[in-house]
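Undergrad: Below are the structure tokens for one structure; questions will follow.
The numbers here are math on the coordinates, done by the rules we state, and not lab data. Because the structure is a prediction, the values reported are computed rather than measured. Glycine also receives a Cβ, built like all others from the backbone with ideal geometry; neighbour counts cover every protein chain displayed.
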Amino acid sequence: MDFNKTTWTFLILLLHFCSISIFSQDTLKAANVEAVLYVGNNENQPLIVGLGGSEGGNPWTTDHWKKTRQEFLDKGYSFLAIGYFGCKNTPALLDRISINDVHNAIVVASKNKKINKKKIAVIGGSRGADLALLLGSYYPDISCVIGMSTSHVVFPGHTQEFTTSCWTFDNKELPFVPVNEESVPFLIKHDLRSAFSAMLKDTLAEQKAAIKVELIQGPILLLSGTKDEIIPAVPMGNKIIERLKKHQFKYTYEHQIYEGSHAEPTKHFDTIFAFLEKNFK
């Protein structure tokens, strides 16, 4: 008799423990994007939206990010992984990507009965960070933005000509900082950081292409590396902070700077989890 009670108690505790990590995975129907939703067992889950960068595809669904994705789920969040180019049924190139289509996938995901649609945070790296800021600036239902190695402006799409914008909204291309003569030699040498720095000498274009981060309806966390080999991430992040200060942004905002490369911010999810716990969840 005692053995049976002990056995049943152990089984109940084991099932309860295992249920913490159980989640459902669903590929959503959304035009021009690949959207995979991971939902845990809890009710009223805040939604984290993960966006990849210029590598394309849907990196948040891969084994590389599985551990971090699972950590979000274990902390009580649901997670939406979005691929917006380089996936099946998406544009092939990072060129004139519709912000509307990406947001529509978020809306579809938020209709899940276990998700709190009033708590949506978007996190992206590199070009995905730019997209995260843009989503927050155009849509008030985005209530938190986290950008890892982000730009403060829109840049050209990744075509051979560099004559179109990375992004569109309502079928119109967003203004972008164009490639200029000074940046061409750096592009030929694949010195991207110097190329972007040269492009930003066009201050008029920079002003027109600036992301209106002051319109974001929630806290903002930026993470940058001092030795970023792709973009001048620290100066760009500082310009975002300056813009927020100028417009007396009412929500919490931080710019965390680390000694390291373009990928360095992806090593500091402890900072991201702490920021979400304090300012979002």
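Undergrad: Counting only helical runs of four or more DSSP H residues, what would the 222 nm mean residue ellipticity of the chain come to if each run contributes -39,500 (n - 2.57) and the total is spread over all its residues?
TA: Numbers: 9 runs with 96 residues, N = 281.
-10000 deg cm²/dmol, from helical runs alone.
Undergrad: Take the chain, connect every pair of alpha-carbon atoms lying under 10 Å apart with a spring to form a Gaussian network, then pick out the residue of Lys117, Lys246, Lys29 with the largest mean-square fluctuation.
TA: Result for the chain, Cα springs under 10 Å: Lys246 fluctuates most.
Undergrad: By how many degrees, between 0 and 90 and to the nearest 10, does the Cα long axis of helix 233-246 differ from the longest principal axis of the chain?
TA: 90 degrees
Undergrad: Would you mind checking the tilt of helix 2-19 against the longest principal axis of the Cα atoms of the chain, expressed as 0 to 90 degrees and rounded to 10?
TA: 20 degrees
Undergrad: Just the Cα atoms of the range 113-190, one point each, no solvent: what log10 I(q)/I(0) does Debye give at q = 0.14 Å⁻¹?
TA: -0.56
Undergrad: In nm, give the distance between the simple-model label positions of His268 and His247, each being 7 Å from the Cα along the Cα-to-Cβ direction.
TA: Placing both labels 7 Å beyond Cα along the Cβ direction yields 2.3 nm.
Undergrad: Just check the range 196-274 against the gyration tensor rule for me: Cα atoms, a ≥ b ≥ c as the square roots of the eigenvalues, rounded for a/c under 1.5, and otherwise prolate or oblate depending on whether a/b exceeds b/c.
TA: Oblate, since a/c reaches 1.5 and b/c is not below a/b.
Undergrad: Full extension from Glu229 to Asp74: what is 0.36 nm times the residue separation minus their Cα-Cα distance, to one decimal in nm? Let's see the in-between values first.
TA: Working: separation 155, 0.36 × 155 = 55.80 nm, distance 3.35 nm.
That pair, Glu229 and Asp74, stretches by 52.5 nm at full extension.
Undergrad: For the pairs Lys117/Lys278; Lys66/Lys245; Lys114/Lys245, note any where the Cα-Cα span goes beyond 30 Å.
TA: Numbers: Lys117/Lys278 19 Å; Lys66/Lys245 36 Å; Lys114/Lys245 36 Å.
The answer is Lys66/Lys245; Lys114/Lys245.
Undergrad: List the residues, sorted by chain then number, that are 5 or more residues from Ser165 or on another chain and whose placed amide H is less than 5 Å from its amide H.
TA: Residues meeting the amide H criterion: Arg96, Gly157.
Undergrad: For the chain, what number results from the quotient of the Cα radius of gyration and 2.2 N^0.38 Å? Numbers along the way, then the final one.
TA: On the way: Rg = 20.3 Å, N = 281, 2.2 N^0.38 = 18.7 Å.
Working it through for the chain, the quotient is 1.08.
Undergrad: For the range 140-281, what's the radius of gyration and Dmax over Cα atoms, in angstrom?
TA: 15.7, 46
Undergrad: Determine which lysines satisfy two conditions relative to Lys172: a Cα distance under 26 Å, and not lying fewer than 8 residues away in the same chain.
TA: Lys29, Lys88, Lys201, Lys208, Lys212, Lys239
Undergrad: What is the distance, in nm, between label points placed 7 Å from the Cα along the Cα-to-Cβ direction at Gln25 and at Lys189?
TA: Here the answer is 4.4 nm between the modelled labels.
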